[in-house]
Amino acid sequence: MSPVETLPPLVVIVGPTAVGKTDLAIELAEKLNGEIISADSRLFYRGMDIGTAKPTKQEQERVTHHLIDVANPDETWSLALFKQKASEIIRELHEQQKLPFLVGGSGQYIQSITEGWAPPEIIPNQRMRVVLENLVQENSPEWLHQRLRILDPTAANNIDARNIRRTIRAMEVILSSGRPFSSQRTRSDSPFNVIMIGLWRPRVKLYARVDERIENMFSNGLLGEVQSLLARGYSPDLPSLSAIGYREAIAVLEKKITLDEAKMRMKRLTRVFVRRQANWFKMVDPKITWFEMGAGTSEVVEKSIVSRLRDSQR
């Protein structure tokens with residue numbers, strides 16, 4: 001029996017936004033005595049439900065979900081904190097003889113678990129963060145991201161320019177340590193027997209689902225959700241509210257753009273996001289077993305998981 005086969009199992013479901021990860025994960029977890037750990041950084045925040053396509057209350061009642069609604073929009077959840085909490089939950093589920101499902105489209109969060117990433121251990125420098133945040137306000141997120149590209153091109157390639165929080169953290173680590181952010185992430189073998197499932201759809205069909213999801217967000221009350229967050233005192237400049245959908249909804253409420261313009265921007269930016277996700281989860285990656293989403297996919301994926309679990313126990 002190989003060392004990998006003696007490790008406790010972890011099913012990981014990845015793929016682009018709107019491909020159908022949530023529905024499939026719930027169905028599989030119900031059948032295989034599992035629980036779901038969210039690896040989507042947008043789902044951490046309370047009150048941000050519609051714009052993040054968060055699993056509904058009914059869906060969360062079908063299967064226990066973890067790491068959803070764990071922070072307020074003005075709180076920060078670092079990669080290191082995610083890795084710590086997710087690892088603890090996975091081990092607790094193993095102790096309960098349950099199968100953990102790590103599900104999401106945030107590549108860095110997935111790989112922190114599957115590839116044993118150790119994020120840089122630099123103590124947060126609040127004063128420096130304030131300075132960097134002010135620079136973003138005075139210039140733009142893209143301006144700071146370009147400075148990051150000059151100092152650490154590798155880190156810049158892996159961080160979306162719109163992700164202000166991650167850009168600031170990378171700059172903070174570089175300026176505090178004098179070393180590239182990308183060089184300070186160490187890796188080790190994963191402590192789990194990872195069964196990684198990738199889901200895909202033809203790009204035309206995927207984009208159609210993206211467009212439908214965005215239309216439904218507004219029909220289901222996205223503007224009201226954002227208005228409620230602002231009324232509760234959350235600043236429109238918060239990193240959490242810079243996510244696709246929230247920034248556009250804020251612009252509509254401030255009468256800077258029309259509703260149709262907001263939808264068009266969201267659809268365009270989500271397509272860009274889908275292409276970035278493809279850089280994290282590649283179809284040629286031998287560690288990922290890919291399945292095209294469609295009728296009967298759930299049964300095929302279930303058989304694949306069960307077969308690999310049996311093989312690991314031999």
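Rank-order 307-313, 238-244 by packing density, defined as the average count of other C-beta atoms within 10 Å over each peptide's residues, highest first. Could the numbers behind the result be given before it?
Values: 307-313: 12.6, 238-244: 20.7.
Averaged packing, sorted descending, gives the order 238-244, 307-313.
Per residue, the convex hull spanned by the Cα atoms of the chain amounts to 139 cubic angstrom. Summary of packing: across the peptides 288-300, 205-217, the per-residue average of other C-beta atoms within 10 Å ranks them, highest first, as 205-217, 288-300. Counting only lysines at least 8 places from residue 263 when in the same chain, those with an alpha carbon closer than 24 Å to its own are 21, 54, 205, 255. Descending by average beta-carbon neighbour count within 10 Å, the peptides 218-224, 36-42 line up as 36-42, 218-224, the highest first.
Rounded if a/c is under 1.5, else prolate if a/b beats b/c, else oblate: with a ≥ b ≥ c from the C-alpha gyration tensor eigenvalues square-rooted, which is the stretch 1-90?
Details: a/c = 2.04, a/b = 1.33, b/c = 1.54.
Cα axes put the stretch 1-90 in the oblate bin.
Oblate is the label for the stretch 126-184, because the ratio a/c of its alpha-carbon gyration tensor axes (a ≥ b ≥ c) is 1.5 or higher and a/b is not greater than b/c.
Read the figures in this text as sums done on the coordinates, not as results from a lab. Note that the structure is a prediction, hence the values are computed from the model and not measured. Don't worry about glycine lacking a Cβ; one is built from the backbone with ideal geometry, like all the others, and counts go over all protein chains shown.
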